[in-house]
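The values are calculated or read from the model by the stated rules, or taken from the named source; none is laboratory data. These figures come from a predicted structure and were not determined experimentally. Every residue, glycine as well, gets a Cβ built from its backbone with ideal geometry; the counts of neighbours run over all protein chains shown. For the accessible areas, the whole protein counts, side chains as well, though only heavy atoms, and no ligand, DNA or RNA atoms are used. Shrake-Rupley method; radii C 1.70, N 1.55, O 1.52, S 1.80 Å.
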Amino acid sequence: MPWLEVLHGGLSTTVQDAGRPGYLAQGLAPAGAVDGFMLACANMLVGNPPEAAALEITLDGPVLRVVGDTVMALAAVEADWYAGETGWPLPTWEAVLARDGAVVSVGAVRRGVRAYLAVAGGIDVPPVLGSRSTHVRAGVGGLDGRPLAGATGSGGPHRGDVARWAGRSVPERLRPHRRSGPIRVMAGPQADAFSRRGLRDFFFGRFRVSARADRMGVRLEGPPIRARGGYDIVSEATAPGSVQVTGDGQPLVLLAERPTTGGYPKIATVITADLDVMGQLRPGQWVRFLEVGEAEARRALAERQRRLEAVRAHLEARPPGRPWVVVTAAGVYRVE
């Protein structure tokens, strides 16, 4: 069975799959990939189910030595990805064959925040409560509940002739569409707790992503949003994409490792189809919000699913004999 030796873990690289729903009552958020669309694409490139465990890389990636032959693919808006520690550039959005002893590196994630590295068969860490995802704050799942660190091993089960997946690629037209428009939201459960001016400031304001952005949530900076009677409510459940307004009048968008309850009023909820984009916003980037209704949220979610199905159909229709890239301990070559 091939496995990966972690020579350098990167800034924050964790094992993530589709998450572990069903434990909110026990105070545990699902975790899972922040950008589920990109996770699914990376997995499908190497023949895995879309929800299989892969590596989620934040801003700067790991250096890995491959033990045993495997096929790997990196999905990213834009990221450095090469053989060796500083060597030959490798194609993103394409499955490459990595031979035993090859070293591969993910450098800077240059656009977006997160990239996803999938290996054929998935990342084989012990599942916890039905998922391999890492919940870093809870110390649950993944590799001992923490980001990858040096000299830590992670395995991926062999799937027979893995070379058959090599060379598959996702063309530019099918890659995740990084929307440049506003993030779509629905009115939150406490939207009526805000003054008319507060609602106007939120829906017509412009917010900057602060440096305090992680897998729990994205803090935003902008015009203070005024609430009618203060910012404290009786704690209640949160949802993925809940937009809380904290005591300083600033919005906080909750993501995969959110607290399961919160005592701040929620002015809006990011629709599911836009959570991938929300999770890829970089500190310093500006964002606006657009209120939509349930029908638009459902239409957008259906469109997201259609785009994933289009990726799947393209990969399944890949003609045999296409060239593929091979990474070895000595270098890189392309098989024609």
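Residue-level check: of (1) closer than 18 Å to ARG164 by Cβ; (2) open to solvent by 10 Å² or more (accessible area, probe 1.4 Å); (3) polar (S, T, N, Q), THR70 misses just (2).
Taking the stated definitions as given, is ARG282 part of a loop (DSSP other than H, G, I, E, B), closer than 30 Å to ALA42 by Cα and of a type outside the set (Phe, Trp, Tyr)? Here the answer is yes, as ARG282 does meet what is asked.
Scanning segment 283-306 for residues that are surrounded by 15 or more Cβ atoms within 10 Å (Cβ to Cβ) and either without any contact (Cβ under 8 Å) to a residue 12 or more places away in the chain or of a type in the set (Gly, Ala, Ser) (or both) yields ALA297, ALA300.
Filtering segment 315-331 for residues that are farther than 27 Å from PRO189 by Cβ, open to solvent by less than 80 Å² (accessible area, probe 1.4 Å), modelled with pLDDT under 95 and in a helix (DSSP H, G or I) leaves a non-empty set. Looking at SER180, SER169, SER195, just one residue is of a type in the set (Gly, Ala, Ser) and without any contact (Cβ under 8 Å) to a residue 24 or more places away in the chain, and that residue is SER180.
Within 23 Å of ARG312 (Cα to Cα), over 13 Å from the mean Cα position of the chain (by Cα) and not small (Gly, Ala, Ser): does that describe VAL125? It is false that VAL125 is within 23 Å of ARG312 (Cα to Cα), over 13 Å from the mean Cα position of the chain (by Cα) and not small (Gly, Ala, Ser). Across segment 93-108, the qualifying residues are those that are surrounded by 23 or more Cβ atoms within 10 Å (Cβ to Cβ) and within 19 Å of the chain's Cα centre (by Cα), and the one among them that is farthest from MET38 (Cα to Cα) is VAL106. On the given criteria, is ARG173 open to solvent by 40 Å² or more (accessible area, probe 1.4 Å), part of a helix (DSSP H, G or I) and modelled with pLDDT under 90? Against the criterion (open to solvent by 40 Å² or more (accessible area, probe 1.4 Å), part of a helix (DSSP H, G or I) and modelled with pLDDT under 90), ARG173 does not qualify. Taking the options ALA53, ALA79, ALA31, name whichever one is free of Cβ contacts under 8 Å to residues at least 40 places away in the same chain and among the small types (Gly, Ala, Ser). Just one listed residue meets the conditions, ALA79.
When the residues of segment 16-57 are filtered to those that are farther than 23 Å from ASP214 by Cβ and surrounded by fewer than 19 Cβ atoms within 10 Å (Cβ to Cβ), which remaining residue is farthest from the chain's Cα centre (by Cα)? So the residue we want is ALA25.
Every residue, every condition in (1) modelled with pLDDT of 95 or more; (2) among the small types (Gly, Ala, Ser), yes or no:
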site	(1), (2)
ALA40	yes, yes
ASN43	yes, no
VAL46	no, no
GLU51	yes, no
ASP69	no, no
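GLN305 meets the conditions (1) modelled with pLDDT of 95 or more; (2) over 19 Å from ALA75 (Cβ atoms) in every case but one. The failed one is (2). Kindly list the number of the only condition in (1) within 20 Å of HIS135 (Cβ to Cβ); (2) modelled with pLDDT under 95 that fails for LEU275. Among (1) within 20 Å of HIS135 (Cβ to Cβ); (2) modelled with pLDDT under 95, the lone unmet condition for LEU275 is (2). Just one of the numbered conditions (1) polar (S, T, N, Q); (2) open to solvent by 10 Å² or more (accessible area, probe 1.4 Å); (3) modelled with pLDDT of 95 or more is not true of THR13: (2).
With respect to (1) out of contact with any helix residue (DSSP H, G or I) (no Cβ under 9 Å at 6 or more places or on another chain); (2) over 30 Å from PRO323 (Cα atoms); (3) of a type outside the set (Ser, Thr, Tyr), the lone exception for VAL185 is condition (1). Under the condition of being free of Cβ contacts under 8 Å to residues at least 60 places away in the same chain and either surrounded by 15 or more Cβ atoms within 10 Å (Cβ to Cβ) or more than 22 Å from VAL77 (Cα to Cα) (or both), the residues counted in segment 109-145 number 6. Restricted to strands (runs of 3 or more DSSP E) entirely inside segment 192-248, those with at least 1 residues that are at pLDDT below 95 and surrounded by 13 or more Cβ atoms within 10 Å (Cβ to Cβ) are 207-213.
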